[in-house]
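> Questions regarding the structure given below will be posed in turn.
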Amino acid sequence: MATATYALMGLLFGSFLTVVVDRVPRGASIALPGSACGNCGLHLGPLDLVPVFSWLVLRGKCRRCRMSIGIEPLVLELSTSLLFALMAWHFRATWRTAAFCALIAGLVALSWIDLRTRRLPRQIIYATALVGVPLLCVAALAEGEPKRLWMLLAGAGISLAAMALIYWASNGGMGDGDVRLAPLLGAYLGFLNPGLALVGLFFGFLAGAVVGVAVMVIVGGDRKMKVPFGPFMALGTVVAVFYGQDYIDLILAR
């Protein structure tokens with residue numbers, strides 16, 4: 001039941017994220033004005049904004065001018081819903097689920113924006129931290145494990161130090177937005193186990209390297225071409241949540 005509830009919440013949050021990813025990079029308000037068609041200016045009503053359903057009924061087009069609204073809403077809504085459901089399945093109905101879903105919402109928005117603009121807006125990073133970290137603290141206290149408060153601080157410090165070192169060594173190859181995002185991801189992974197902070201970064205760099213090589217092989221390109229790293233940091237973090245501890249146990253067992 002909790003998984004289905006969070007999946008539905010993910011659809012709603014995903015619908016909101018379509019506004020976030022469109023307006024935040026432009027410096028526009030996410031509250032006003034209301035949503036409207038970018039072509040004809042039609043103000044969208046409740047029936048136009050039902051997650052997934054409205055897109056399918058309207059076939060991805062504006063109700064009035066029939067201009068395509070793109071696949072962005074569908075991707076954001078379904079991916080957020082799926083990830084919310086996975087977090088609920090993994091953590092059950094706990095404060096951890098709420099905290100990690102806050103992170104997921106931020107990561108979905110940041111990943112989409114980074115893929116399109118090669119930027120990780122600090123407003124979204126800070127907003128995610130402002131909501132998510134207090135939820136982690138509540139989860140730690142609700143579970144009677146206050147030690148997780150210092151664990152999340154340790155994770156944040158480890159990730160920040162590692163990314164700051166990589167940023168310095170890359171001589172401009174790594175964006176400062178990646179460094180800014182690192183302690184947030186480290187805090188979340190540190191809450192589970194401070195060692196996961198490095199595992200999440202490792203998974204992210206591994207995924208980035210694989211995709212980068214694949215892109216160069218398939219479409220060609222300069223070896224020095226810049227690939228947005230934010231989505232890979234996000235992917236590495238999510239994978240570490242589910243499988244990072246297993247990876248650590250495997251390494252230690254050798």
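> Can you give me the long-range amide H partners of Lys61? Hydrogens built in the peptide plane at 1.01 Å from N, cutoff under 5 Å, separation of 5 or more residues or another chain.
Ile69
> If each residue's Cβ is checked for other Cβ atoms within 10 Å, how do Ile125, Ile166 rank with the fewest at the top?
With the sparsest Cβ surroundings first, the list reads Ile166, Ile125.
> Here's something else I'd like to know. Just want to confirm a number: the relative contact order over the chain, from Cα pairs under 8 angstrom separated by 6+ residues, in percent.
Reported relative contact order: 16 percent.
> Give, as a single signed number, the net charge of other residues whose beta carbon lies under 15 Å from the beta carbon of Ala154, with Lys and Arg counted +1 and Asp and Glu -1.
Once all neighbours under 15 Å are counted, the net charge is +1.
> Another question about this same structure. Stokes-Einstein D for segment 113-254 at 25 °C, 0.890 mPa s, Kirkwood Rh over Cα pairs, in µm²/s?
155 µm²/s
> Using only Cα atoms, locate the centre of segment 194-209 and the centre of segment 83-135, then give the distance between them in Å, rounded to an integer.
17 Å
> What per residue convex hull volume, in Å³, do the alpha-carbon atoms of segment 1-74 yield?
Convex hull of Cα atoms, per residue: 100 Å³.
> Skipping prolines and chain starts, which residues have an amide H placed within reach, meaning under 5 Å, of the one on Ala36, given they are 5 or more residues away or on another chain?
Here Leu44 satisfy the definition.
> For an R0 of 30 angstrom, estimate the FRET efficiency from the Cβ-Cβ distance between Arg122 and Val211 and round to the nearest 0.05.
0.75
> Of all trypsin sites (Lys or Arg not before Pro) in segment 1-110, which ones are in loop regions per DSSP and have a Cβ with at most 16 other Cβ atoms within 10 Å?
Counting only loop positions with at most 16 other Cβ atoms within 10 Å, the trypsin sites (Lys or Arg not before Pro) in segment 1-110 are Arg59, Arg63, Arg64, Arg66, Arg92.
> Over segment 1-74, what is the mean sequence separation of C-alpha contacts under 8 Å (at least six apart), divided by residue count, expressed as relative contact order in percent?
So the answer I get is 25 percent.
Throughout, read-outs are computed from the coordinates displayed, never taken from laboratory work. Keep in mind that this is a model prediction, so the values were computed, not measured. Counting neighbours? That spans all protein chains shown, and the Cβs are built from the backbone with ideal geometry, glycine included.
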